[in-house]
Amino acid sequence: MQNRAMREYAVRRGWTIAVEVQEVGSGATQRHCREELLEAARRREIDVVVVWRLDRWGRSVTDLLATLQELEHLGFGSVSLTEALDLTTPAGRAMAALLAVFAAFEREVLGERLRAGLAHARQNGKRLGRPLTAGLHAGQVRKLHRSGLSKSEISRRLSIDRTSVRRILDRRINA
(Lines give C-alpha, C1' and ligand atoms only; values in the text may rest on other atoms or scores of the structure.)
Protein backbone atom coordinates (compact mmCIF):
# COMPACT_ATOMS: atom_id res chain seq x y z
CA MET A 1 0.00 0.00 0.00
CA GLN A 2 2.75 2.44 0.98
CA ASN A 3 4.92 1.70 -2.06
CA ARG A 4 1.96 2.00 -4.41
CA ALA A 5 0.96 5.38 -2.94
CA MET A 6 4.51 6.70 -3.29
CA ARG A 7 4.76 5.42 -6.88
CA GLU A 8 1.45 7.13 -7.77
CA TYR A 9 2.66 10.37 -6.18
CA ALA A 10 5.88 10.26 -8.22
CA VAL A 11 3.89 9.69 -11.42
CA ARG A 12 1.57 12.64 -10.61
CA ARG A 13 4.63 14.87 -10.11
CA GLY A 14 6.19 13.62 -13.36
CA TRP A 15 9.17 12.05 -11.57
CA THR A 16 11.03 8.95 -12.66
CA ILE A 17 11.65 6.42 -9.92
CA ALA A 18 15.38 5.70 -9.82
CA VAL A 19 15.63 3.67 -6.62
CA GLU A 20 13.01 2.00 -4.46
CA VAL A 21 13.97 1.02 -0.93
CA GLN A 22 12.01 -1.11 1.47
CA GLU A 23 13.64 -1.64 4.83
CA VAL A 24 11.95 -4.20 7.05
CA GLY A 25 12.50 -4.32 10.80
CA SER A 26 11.28 -1.76 13.26
CA GLY A 27 13.79 -0.02 15.48
CA ALA A 28 16.75 -1.30 13.49
CA THR A 29 19.98 0.45 14.41
CA GLN A 30 21.78 -0.55 11.21
CA ARG A 31 19.71 0.66 8.29
CA HIS A 32 21.76 -0.39 5.29
CA CYS A 33 19.12 0.42 2.67
CA ARG A 34 18.74 3.97 3.93
CA GLU A 35 22.52 4.40 3.87
CA GLU A 36 22.59 3.13 0.28
CA LEU A 37 19.89 5.64 -0.62
CA LEU A 38 21.86 8.47 1.00
CA GLU A 39 24.95 7.35 -0.93
CA ALA A 40 22.92 7.49 -4.16
CA ALA A 41 21.91 11.06 -3.24
CA ARG A 42 25.55 11.98 -2.60
CA ARG A 43 26.48 10.58 -6.03
CA ARG A 44 23.67 12.69 -7.55
CA GLU A 45 21.82 9.61 -8.83
CA ILE A 46 18.54 10.84 -7.32
CA ASP A 47 16.89 14.25 -6.86
CA VAL A 48 14.12 13.61 -4.33
CA VAL A 49 13.51 11.15 -1.51
CA VAL A 50 9.86 10.25 -0.96
CA VAL A 51 8.89 8.58 2.31
CA TRP A 52 5.57 7.31 3.60
CA ARG A 53 6.00 8.94 7.03
CA LEU A 54 8.89 10.86 8.56
CA ASP A 55 9.18 8.32 11.38
CA ARG A 56 9.92 5.72 8.69
CA TRP A 57 12.94 7.76 7.60
CA GLY A 58 14.48 8.78 10.93
CA ARG A 59 14.49 6.90 14.22
CA SER A 60 14.71 10.09 16.29
CA VAL A 61 14.01 13.75 15.66
CA THR A 62 17.75 14.45 15.70
CA ASP A 63 18.49 11.66 13.21
CA LEU A 64 15.62 12.77 10.98
CA LEU A 65 16.69 16.40 10.90
CA ALA A 66 20.33 15.53 10.33
CA THR A 67 19.53 13.49 7.24
CA LEU A 68 16.96 15.98 5.95
CA GLN A 69 19.49 18.79 6.38
CA GLU A 70 22.14 16.73 4.60
CA LEU A 71 19.78 16.13 1.67
CA GLU A 72 18.90 19.83 1.54
CA HIS A 73 22.59 20.78 1.70
CA LEU A 74 23.24 18.45 -1.24
CA GLY A 75 20.43 20.19 -3.12
CA PHE A 76 17.89 17.38 -2.88
CA GLY A 77 14.28 17.50 -1.86
CA SER A 78 12.33 15.16 0.33
CA VAL A 79 8.63 14.46 0.61
CA SER A 80 6.60 12.80 3.34
CA LEU A 81 3.29 11.68 1.92
CA THR A 82 1.18 11.20 5.04
CA GLU A 83 2.37 14.38 6.78
CA ALA A 84 2.00 16.38 3.54
CA LEU A 85 5.50 17.74 4.06
CA ASP A 86 7.13 18.55 0.74
CA LEU A 87 10.61 19.98 1.21
CA THR A 88 10.82 20.75 -2.49
CA THR A 89 8.51 23.75 -1.82
CA PRO A 90 9.13 26.93 0.22
CA ALA A 91 6.28 26.06 2.63
CA GLY A 92 7.71 22.59 3.18
CA ARG A 93 11.15 23.98 3.92
CA ALA A 94 9.58 26.42 6.42
CA MET A 95 7.88 23.48 8.17
CA ALA A 96 11.20 21.63 8.32
CA ALA A 97 12.77 24.71 9.92
CA LEU A 98 10.03 24.65 12.56
CA LEU A 99 10.73 20.97 13.16
CA ALA A 100 14.40 21.85 13.67
CA VAL A 101 13.46 24.48 16.26
CA PHE A 102 11.35 21.96 18.18
CA ALA A 103 14.11 19.35 17.98
CA ALA A 104 16.62 21.84 19.41
CA PHE A 105 14.15 22.69 22.17
CA GLU A 106 13.69 18.98 22.92
CA ARG A 107 17.49 18.47 23.14
CA GLU A 108 17.85 21.44 25.51
CA VAL A 109 15.04 20.25 27.78
CA LEU A 110 16.56 16.76 27.91
CA GLY A 111 19.95 18.28 28.76
CA GLU A 112 18.43 20.38 31.55
CA ARG A 113 16.69 17.32 33.00
CA LEU A 114 19.92 15.35 32.85
CA ARG A 115 21.93 18.07 34.59
CA ALA A 116 19.23 18.47 37.26
CA GLY A 117 19.18 14.71 37.86
CA LEU A 118 22.97 14.57 38.20
CA ALA A 119 22.99 17.54 40.60
CA HIS A 120 20.27 15.89 42.69
CA ALA A 121 22.21 12.62 42.81
CA ARG A 122 25.38 14.46 43.92
CA GLN A 123 23.46 16.32 46.64
CA ASN A 124 22.23 12.97 47.95
CA GLY A 125 25.80 11.68 48.18
CA LYS A 126 25.66 9.45 45.11
CA ARG A 127 29.09 8.87 43.58
CA LEU A 128 28.92 9.46 39.81
CA GLY A 129 31.16 8.09 37.12
CA ARG A 130 32.85 4.78 36.66
CA PRO A 131 32.95 2.58 39.73
CA LEU A 132 36.28 2.21 41.50
CA THR A 133 37.80 -1.12 40.66
CA ALA A 134 41.57 -1.12 40.69
CA GLY A 135 41.62 1.92 42.98
CA LEU A 136 40.16 -0.23 45.73
CA HIS A 137 43.40 -2.23 45.69
CA ALA A 138 45.72 0.80 45.90
CA GLY A 139 47.02 -0.05 49.37
CA GLN A 140 47.72 -3.66 48.41
CA VAL A 141 49.42 -2.56 45.17
CA ARG A 142 51.78 -0.24 47.03
CA LYS A 143 52.52 -2.82 49.71
CA LEU A 144 53.33 -5.53 47.13
CA HIS A 145 55.46 -3.09 45.13
CA ARG A 146 57.46 -2.14 48.23
CA SER A 147 58.05 -5.85 48.86
CA GLY A 148 59.80 -6.03 45.48
CA LEU A 149 57.16 -7.61 43.23
CA SER A 150 57.02 -6.53 39.59
CA LYS A 151 54.01 -4.68 38.22
CA SER A 152 53.09 -7.74 36.14
CA GLU A 153 53.16 -10.01 39.19
CA ILE A 154 51.07 -7.55 41.21
CA SER A 155 48.61 -7.44 38.34
CA ARG A 156 48.33 -11.25 38.27
CA ARG A 157 47.98 -11.62 42.03
CA LEU A 158 45.28 -8.98 42.40
CA SER A 159 43.53 -9.73 39.06
CA ILE A 160 43.72 -6.12 37.90
CA ASP A 161 45.16 -4.66 34.74
CA ARG A 162 48.89 -3.88 34.67
CA THR A 163 48.12 -0.36 33.45
CA SER A 164 46.00 0.19 36.56
CA VAL A 165 48.88 -0.99 38.75
CA ARG A 166 51.19 1.49 36.99
CA ARG A 167 48.68 4.35 37.42
CA ILE A 168 48.33 3.64 41.13
CA LEU A 169 52.09 3.64 41.59
CA ASP A 170 52.52 6.77 39.44
CA ARG A 171 49.95 8.65 41.55
CA ARG A 172 52.00 7.98 44.67
CA ILE A 173 55.13 9.38 43.00
CA ASN A 174 53.36 12.43 41.54
CA ALA A 175 51.28 13.17 44.65
Of everything in segment 76-112, what is within 20 Å of Val11 (Cβ to Cβ), surrounded by 15 or more Cβ atoms within 10 Å (Cβ to Cβ) and of a type in the set (A, V, I, L, M, F, W, C)? Give them in sequence order. Phe76, Val79, Leu81, Leu85, Leu87
Please work out which one of (1) at pLDDT 85 or above; (2) farther than 28 Å from Glu70 by Cβ is the condition Ala91 fails and give its number. (2)
Read through the list (1) part of a helix (DSSP H, G or I); (2) surrounded by fewer than 19 Cβ atoms within 10 Å (Cβ to Cβ), then give the number of the only condition that Glu45 fails. (1)
Filter segment 91-106 for residues that are small (Gly, Ala, Ser) and either in contact with an Asp or Glu (Cβ under 9 Å, 6 or more places away or on another chain) or in a loop (DSSP other than H, G, I, E, B) (or both); which is nearest to Asp47 (Cα to Cα)? Gly92
Can you pull out the residues in segment 75-90 that are acidic (Asp, Glu) and part of a strand (DSSP E or B)? Asp86
Check whether at least one residue in segment 118-125 is modelled with pLDDT of 80 or more, farther than 25 Å from Arg42 by Cα and not in a helix (DSSP H, G or I), and report yes or no. yes
Please pick out the residue among Arg130, Arg115 that is under 22 Å from the mean Cα position of the chain (by Cα), part of a loop (DSSP other than H, G, I, E, B) and of a type outside the set (Phe, Trp, Tyr). Arg130
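Here is a yes/no grid of residues against (1) touching a helix residue (DSSP H, G or I) at 6+ places or on another chain (Cβ under 6 Å); (2) modelled with pLDDT of 80 or more; (3) among the aliphatic types (A, V, I, L, M):
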site	(1), (2), (3)
Cys33	no, no, no
Arg56	no, no, no
Asp63	no, no, no
His73	no, yes, no
Ala84	no, no, yes
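The values are calculated or read from the model by the stated rules, or taken from the named source; none is laboratory data. These numbers were taken from a predicted model, which means no experiment stands behind them. With ideal geometry, Cβ positions are generated from the backbone for all residues, glycine too; neighbour counts draw on all protein chains shown.
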